[in-house]
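Here is the structure we will look at, set down as structure tokens.
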Amino acid sequence: MSEAMSEPLPETVPEPVPEPDFMATGVRIDRWPRSLTRAGEVRIEDGRLSLLTSYGSEIDSAPLGAVRAGRPWFAKPDEAVATVNGTRYRISGSGRLLEALQKATDGH
């Protein structure tokens, strides 16, 4: 019988996952004239805006400096229009997306 004892492995601590600067779920994302998702996700993270489907697949993303966003006069308070990589999207239910974009671009 071998008396060699194995040393216990050191405990590995998972690295903390950074929180995105902004995240809204349950968001409707339309690319005129059709709806792409009714329960999508919008993220601002690492200097990028990402539009995701309800399954987490990327619809589109771009660096914040290349994104234009605003609220047309006829839009509801929770709606915004964003141009990402030259494509216009209507984003509904995103909460404070425009404020978050402004804050993120001021910080970069």
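Worth a mention:
Residue-wise test of (1) in a loop (DSSP other than H, G, I, E, B); (2) free of Cβ contacts under 8 Å to residues at least 60 places away in the same chain.
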| position | (1), (2) |
| --- | --- |
| GLU41 | no, yes |
| ILE44 | no, no |
| SER50 | no, yes |
| GLY56 | yes, yes |
| SER61 | no, yes |
| GLY65 | no, yes |
| ALA69 | no, yes |
| PRO72 | yes, yes |
| LYS76 | yes, yes |
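- Single unsatisfied condition, SER94 versus (1) over 12 Å from the mean Cα position of the chain (by Cα); (2) closer than 28 Å to ASP106 by Cβ; (3) in a loop (DSSP other than H, G, I, E, B): (1)
- Residue within region 7-30 that is of a type in the set (Lys, Arg), in a strand (DSSP E or B) and touching a Phe, Trp or Tyr at 6+ places or on another chain (Cβ under 7 Å) present: no
Just so you know, all these numbers are worked out from the coordinates, no wet-lab data involved. Treat the numbers as computed from the prediction; the structure is a model and nothing was measured. Because the Cβ atoms are built from the backbone with ideal geometry, glycine has one as well, and the counts that use them run over all protein chains shown.
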